[in-house]
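The values are calculated or read from the model by the stated rules, or taken from the named source; none is laboratory data. Every value quoted in this text rests on a predicted model; they were computed, and no experiment measured them. Backbone-built Cβ (ideal geometry, glycine too); neighbour counts: all protein chains shown. Note: accessible area is taken over every heavy atom of the protein model, side chains too, but ligands, DNA and RNA are not part of it. Shrake-Rupley method; radii C 1.70, N 1.55, O 1.52, S 1.80 Å.
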Amino acid sequence: MPDQEKRVAWVELFFDLVFVVAVTQVSGLLHDDHSWSGAARALVVFIPIYWAWVGTTMHANLHDVDRAGARLGIFAVGLCGLFMALALPEAYESHGLLFGGSYWAARLLLYALMRRSYRGVGLNPFSAAAFVTGPLLTLGGLADGNVRLALWALAAGVDLLVPFLARRRMAGIAYEPSHLPERFGLFLIIALGESVAEACKVAAEQAVTPARLAAVAVAFALACALWWVYFAFAAGAIRHAVRTAEVAIEVILHPVEHLHLDAAALFFGGTALYLATFGYTRWQMFRTVSTTRLSAAAGCLALLPAATFVPALGAMAALTVVLVALNIWEARIAHRYEDPERDYPYTNVERPTA
């Protein structure tokens, strides 16, 4: 009998509550300013939050976190994450040191928890965060204005680059493959769930009109389509759900007004990036081109120039139609290849039979 697959532990689900708060706070930053500079500033603070969550997920993947000591370690990282979430509304103002110092503390804790698992891999995400990006975020918290933003952006870039540089050495670590997709799926649920909850909250504070009800319905359909793109056929990008949520809220507030160019670019361009990311993961895994998702991404970009000339509700409906059409297209492909005599579409080998 094969060993039982590793499942997500209860302590991990409790830990996720902290990051629900953090994602909500990042979403709030975008709500206040969803210009290009506002989106960049939100992304810069989102990356450390995301990597703290990823680091804890890696720890839970490689260790038995149902032991008392491991639980306490996760609780300690969760407290640091909570401090980061509390700092976010004023992270670029008076709470920069709280944000940067809390991140550094979280990464030092994770480095201590993961040091043995990454023995022999000198450059890894945990050592880089403990000794490079954590200090950079803390120094940025002591700085002001553009200097803070530059130091934090540099730290975010290092956090994203190190896994790519260390990927060959890290490939030798025996991860539990069943645990990771479940964890990253749960993170996407957090992001999409936050967008749905925030849209409902905003709508409840406004007068109920047919246009606003239609906007809520289309926003929910868009969230469902994004969920389907991820869970029905693949696993990949996450951050776009946070970025799209704030534009959906703008549509609910002003459904018959036109989108500004920055909001339309974030909406359509962000969705195109979300879809194009699957092209990258498909190529990395199977060396095949994801024609369906790349075509849908191109369709989103093609709609962008017209998005500012129609009511916001119409623009969001058009984007939803693209995603629904993509899901129908891929469902038809999946159905076509259910025949075991055909080649499985996502690999270069035949689908294994029972």
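For Val256, tell me the accessible area in Å² from a 1.4 Å probe, rounded to the nearest 10.
Rounded to the nearest 10, that gives 100 Å².
Let me have the relative contact order for the range 262-308, percent, based on Cα pairs under 8 Å that are six or more residues apart.
Values: 38 pairs, mean separation 22.9, N = 47.
Computed over the range 262-308, the figure is 49 percent.
Given a 1.4 angstrom probe, what's the average accessible area per residue across the chain, in square angstrom? Before the final figure, lay out the partial values.
Values: 17240 Å² over 354 residues.
Per-residue value: 49 Å².
Leaving out ligands, DNA and RNA, what percent of the accessible area of the range 83-130 is carbon and sulfur, probe 1.4 Å?
Details: 1300 of 2150 Å².
Carbon and sulfur together cover 60 percent of it.
In what order, largest first, do Asp262, Asp159, Asp66 sit by accessible area if the probe radius is 1.4 Å? If you can, show how the numbers build up before the last one.
Working: Asp262 45, Asp159 10, Asp66 85 Å².
I get Asp66, Asp262, Asp159, largest accessible area first.
If packing is taken as the average number of other Cβ atoms within 10 Å across a peptide's residues, how do 137-144, 89-96 rank, most packed first?
Values: 137-144: 19.5, 89-96: 16.8.
Most protected by this proxy first, the peptides run 137-144, 89-96.
Which one is right for this structure if Cα Rg over 2.2 N^0.38 Å is calculated from it: (1) 0.92; (2) 1.03; (3) 1.25?
Matching entry in (1) 0.92; (2) 1.03; (3) 1.25: (2).
Work out how much length Thr308 to Ala204 would gain on full extension: take 0.36 nm times their residue separation and subtract the Cα-Cα distance, in nm to one decimal. It would help to have the intermediate numbers written out before the result.
On the way: separation 104, 0.36 × 104 = 37.44 nm, distance 2.60 nm.
Additional length available on full extension: 34.8 nm.
Might you report the magnitude of the Cβ-based charge dipole of the range 6-79 about its Cα centre, with Lys and Arg at +1 and Asp and Glu at -1, to the nearest 20 debye?
Values: 5 positive and 6 negative charges, 43 e Å.
Value, rounded to 20: 200 debye.
Nothing charged except the Cβ atoms of Lys and Arg (+1) and of Asp and Glu (-1): what's the magnitude of the dipole of the chain about its Cα centre? Round to the nearest 20 debye.
On the way: 25 positive and 27 negative charges, 213 e Å.
Here the chain has a charge dipole of around 1020 debye.
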